[in-house]
1. Quick one: Ile176 ticks every box in (1) farther than 22 Å from Phe116 by Cα; (2) surrounded by fewer than 19 Cβ atoms within 10 Å (Cβ to Cβ) except a single one, so which number is it?
2. With the requirement that a residue be under 19 Å from Asn103 (Cβ atoms) and within 17 Å of the chain's Cα centre (by Cα), what does region 311-330 give you?
3. Could you grab the pairs with beta carbons closer than 8 Å, sequence gap of 6+ or different chains, first residue in region 383-400 and more than 20 Å from Phe209 (Cβ to Cβ), second one among the hydroxyl-bearing types (Ser, Thr, Tyr) and in a strand (DSSP E or B)?
4. Give region 87-114 a look and list any residue that's in contact with a His (Cβ under 7 Å, 6 or more places away or on another chain) and buried (at least 21 other Cβ atoms within 10 Å of the Cβ), or say none.
5. Would you please list the contacts, defined by Cβ atoms under 8 Å and residues six or more apart or on different chains, that run from a residue in region 282-302 that is farther than 19 Å from Asp395 by Cα to a residue that is at pLDDT below 95 and among the polar types (S, T, N, Q)?
6. Run Thr199 past the list (1) modelled with pLDDT of 90 or more; (2) surrounded by 14 or more Cβ atoms within 10 Å (Cβ to Cβ) and report the number of the one that doesn't hold.
7. Hey, does region 117-126 have a residue that's modelled with pLDDT of 90 or more, surrounded by 17 or more Cβ atoms within 10 Å (Cβ to Cβ) and farther than 26 Å from Asp52 by Cα?
Amino acid sequence: MVGSAMARSVLCLWCCFSLVFMYTSVHGSPEQHSDSDDHENKIQALNKLNSDFAFRLYKSIVSGAQSQNVFFSPLSVSTALAALSLGAGGETHEQLFSGLGFNNSVFTNKEIHQAFLDLLENLNHRTEVDLNVGTAVYVHDTFKPHPEFLEKLKRFYLSDGFSVDFTKTTETSNQINKYVSEKTHGKISKFIEKLDPSTVMYLLSYIYFKGKWSVPFKPKHTREAQFHVDEETTVPVQMMFVKDDFYSYYDHQLSVRVLRLNYNDSFSMILALPDKNVTLLEEAVCPHHITKWQKWMSERNYGIYLPKLSLKTSYSLNSILSEMGFKDMFTAKANFSGISDQNLLVSEAAHKATLDVDEAGAEATAVTGIGITLFSARISETLEFNRPFLIFIIDQKTNNVLFIGKIVNPANSEVRQ
């Protein structure tokens, strides 16, 4: 089965999403899957659906966190939910497909899972960044899921499988936490804080990304500066600086300046700095804007000020996912007859993520020796990210949104919601 996640260097990103199963009292019949071979078109269609889901999930999360930092991986969440749909039937399956945006798509059931496999393998085979994604399933030693469900998890979602005793809560928590820590290179060392002994299955999805800036910031230019949280509040931050040619665009419709900072292997961080209120921007922004910004960006010389970041976020997504239409899986109405003939429900949907942004580290500086001083005599514009802004980590090859974030207060390093 698989293991990995998404990493960092200049940027450290990791996240993990889990679904916890317990016994309940209802079930139905799983749906049948059909075949298809046009994977090229399917993976592009999947990327569009994943992007739509990413922004819907973002807006649901920020609705309860207007004044908080936000950071998560929509891809990790959608991967886990799609994997879960392998074992869902009836209305539960319909809600999973509808919530993920698959119900009105060109996909059959099997094509969805094949497209996810193509996507995961594509990401895992990228060589110029440290990038890994995958899933894992922990099954109580006396609980016997249908073999077909476990086989499909492994085949389509690169899943590692483990048999554990959930009644031994400390031992099993340590085992799962060790696995997650390994896959996230130590960035998430305590994913599970409290394990319910009545758990029968634990499904998790992880992503780790470690990328080096194509044009690194120089540590000698980092200085303390003030970040304006709002009109009345400022906090001290370590502000990095780099001067070079970058791609940017000003969106007059949204009153936002957008900047693209590239990593190796076609990955980028897109930063969106609104003129005034970040809330107005996040209410309006959608996948169309990402496409528009990328299309109309032009290159010019900029002096960029960007705060160093180190964030840890933790979300309980039960209510958020329920509000997005994933209702039955958390109740006695849940139909997971594709997993077991016994009645199951999802008791917990949890997500944790981290983001570390620094100058790039010694490695990045050594391999990207770009002569920044060559531009010292050129006229350049200054972009200073000294007030709330949005972050998008994008795979330029597929237009997949791997991570989304909002930086409101860089000094607030930990968020729980």
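The values are calculated or read from the model by the stated rules, or taken from the named source; none is laboratory data. No experiment lies behind these values; they were computed from the predicted model shown. Note that we place each Cβ from the backbone using ideal geometry, even for glycine, and neighbour counts take in every protein chain shown.
1. Result: Ile176 passes all but (2).
2. Applying the first criterion (under 19 Å from Asn103 (Cβ atoms)) to region 311-330 yields 321-329.
Listed by number, the list holds a single entry, Leu321.
3. Leu383/Ser248; Leu383/Tyr302; Leu383/Tyr305; Glu384/Tyr305; Phe385/Tyr305; Asn386/Tyr305
4. Gln114
5. Arg300/Ser380; Asn301/Ser380; Tyr302/Ser380; Tyr302/Thr382
6. (1)
7. no
Residues checked against (1) of a type outside the set (A, V, I, L, M, F, W, C); (2) under 20 Å from Gln66 (Cβ atoms); (3) buried (at least 21 other Cβ atoms within 10 Å of the Cβ); (4) in contact with a His (Cβ under 7 Å, 6 or more places away or on another chain):
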{"position": "Met269", "(1), (2), (3), (4)": "no, no, yes, no"}
{"position": "Glu283", "(1), (2), (3), (4)": "yes, yes, no, no"}
{"position": "Trp296", "(1), (2), (3), (4)": "no, no, no, no"}
{"position": "Ile304", "(1), (2), (3), (4)": "no, no, yes, no"}
{"position": "Lys308", "(1), (2), (3), (4)": "yes, no, no, no"}
{"position": "Thr313", "(1), (2), (3), (4)": "yes, yes, yes, no"}
